[in-house]
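All remarks here apply to the structure that follows.
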Amino acid sequence: MGFTIVEGERGACYGYRVLAKSLPLPANGKPAVVTIRFYPESVKWEPATKPLLELHPSAMLAPDGIVKLGERALFHSDAYPGVRDVVVEVKVDGQVVYSDKAKYEDAERSGIRRCRNGWYVDEIDTRRAAGAQ
């Protein structure tokens, strides 16, 4: 049925299923290439760390500088037991616009939002992305 089973603590099993959420793209925008990667915190001191999840949603850059995604980008925390402070890297047209922990205020200003099950991105504010490297 499309559920992913995750072993929890003490042998408990949990299941989850990510439901896609389509989002409208602006008609007057310019196509943008977006890559969103979620990493364990160790990427901060081990640069060769591979991402836990890499997403390539369709996207359009609106005239106001906001990149609208055609589908919600989602990181389900329970799918990665043992990962505490997730690091997010957001690239728009090859430029890093955010690369740091998802819990920081700069992440929220960039469009990374906390939800009950992890983190999600519907849009990226390239004007306010202060965590860019």
(message) For a quick check of your reading: which strands (runs of 3 or more DSSP E) sit entirely within the range 1-55 and have at least 2 residues that are out of contact with any helix residue (DSSP H, G or I) (no Cβ under 9 Å at 6 or more places or on another chain) and of a type outside the set (Asp, Glu)?
(response) 13-16, 30-39
(message) Which residue is farthest from the chain's Cα centre (by Cα), if the candidates are limited to the range 63-93 and must be at pLDDT 95 or above and of a type in the set (Gly, Ala, Ser)?
(response) Gly70
(request) Scan (1) under 15 Å from the mean Cα position of the chain (by Cα); (2) farther than 18 Å from Thr126 by Cβ for the single condition Val33 breaks and write down its number. (result) (2)
(request) List every residue pair whose Cβ atoms sit under 6 Å apart, with the two residues 6 or more apart in sequence or on different chains, where the first one lies in the range 9-21 and is without any contact (Cβ under 8 Å) to a residue 40 or more places away in the chain and the second, anywhere, is in a loop (DSSP other than H, G, I, E, B) and small (Gly, Ala, Ser). (result) Arg17/Gly2
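The values are calculated or read from the model by the stated rules, or taken from the named source; none is laboratory data. Treat the numbers as computed from the prediction; the structure is a model and nothing was measured. We place every Cβ from the backbone using ideal geometry, glycine too, and count neighbours over all the protein chains shown.
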